[in-house]
1. So which strands (runs of 3 or more DSSP E) stay within the range 94-191 end to end and still have 3 or more residues that are of a type in the set (D, E, K, R) and touching a residue at least 12 places away in the same chain (Cβ under 8 Å)?
2. Within the range 83-137, take every residue that is of a type in the set (A, V, I, L, M) and either closer than 23 Å to Ser185 by Cα or in contact with a Cys (Cβ under 9 Å, 6 or more places away or on another chain) (or both) and give me the one that is modelled with the lowest pLDDT.
3. Kindly indicate which of Leu35, Leu7, Leu69, Leu42 is at pLDDT below 95 and assigned by TED's automatic domain parsing to the domain that holds Thr149.
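The values are calculated or read from the model by the stated rules, or taken from the named source; none is laboratory data. Note that the structure is predicted; figures quoted are calculated from it, not measured. Every residue, glycine among them, receives a Cβ derived from its backbone with ideal geometry; neighbour counts consider all protein chains shown.
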Amino acid sequence: MQTRLFLLAAVVSILAGSASAGVITYDVAVNTSSLSGTAGSLDFQFNPGPLVSQAADLQILSFSSDGSLSACAANIQGFCATGDVTGTLPGTLTFNNGTGFNDYFDDFTFGNTLSFKVSLYGPALSTPDGISTSGSVFAFSMFSDAAGTIPALTADTTDEFAFTVVVNLDGTTTVTNSSSQTSVSPLPSGVPEPSSFVLLGAALAFLGVLRFRQPR
């Protein structure tokens, strides 16, 4: 009985840790039908503020489109990534805000739809230090030319961003959406990672074995 109680307590602890990991994720979907067939480009940035920014990381996940990527999809990594960026679309991109300018730029022939997830994590979100003086900013842009000079699907005529996500000093985030064709939806927080569900399943199976073997 004590073994089962201990195991249950361990499972609860694991899942509680997953729920409080300080990960914030947004689901992004863009209607690009007005640009379908256009040879343009996409730009992803994650940069610290001008003063002191606490460490933070960001991933672009689950990229999907009926359009087609170009240079980076051919693994020309150096041509596409600047600063602390690893990975290649349509796979996972990982950004760190440890350098001043972190950018991923790729040629893209637009289709009708474009979607991906933005996942932010790290000390700035999980344990804000209270002494940093600048947050960090993720920005996504679309262009109707390969050179990245003609902004598309945005009302932001100054910075030309479709939308931004700011990591605030208190660990929260703020979204500014300048594109009527783009939806940016927060995913529920506190959802355990898939690995946590695997651990939970294993624990419950073990409890079943203990129950079966318990003397009657």
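1. By residue number, 103-109.
2. Leu89
3. Working: Leu35 fails: at pLDDT below 95; Leu7 fails: assigned by TED's automatic domain parsing to the domain that holds Thr149; Leu42 fails: at pLDDT below 95.
Checking each option against the conditions leaves just Leu69.
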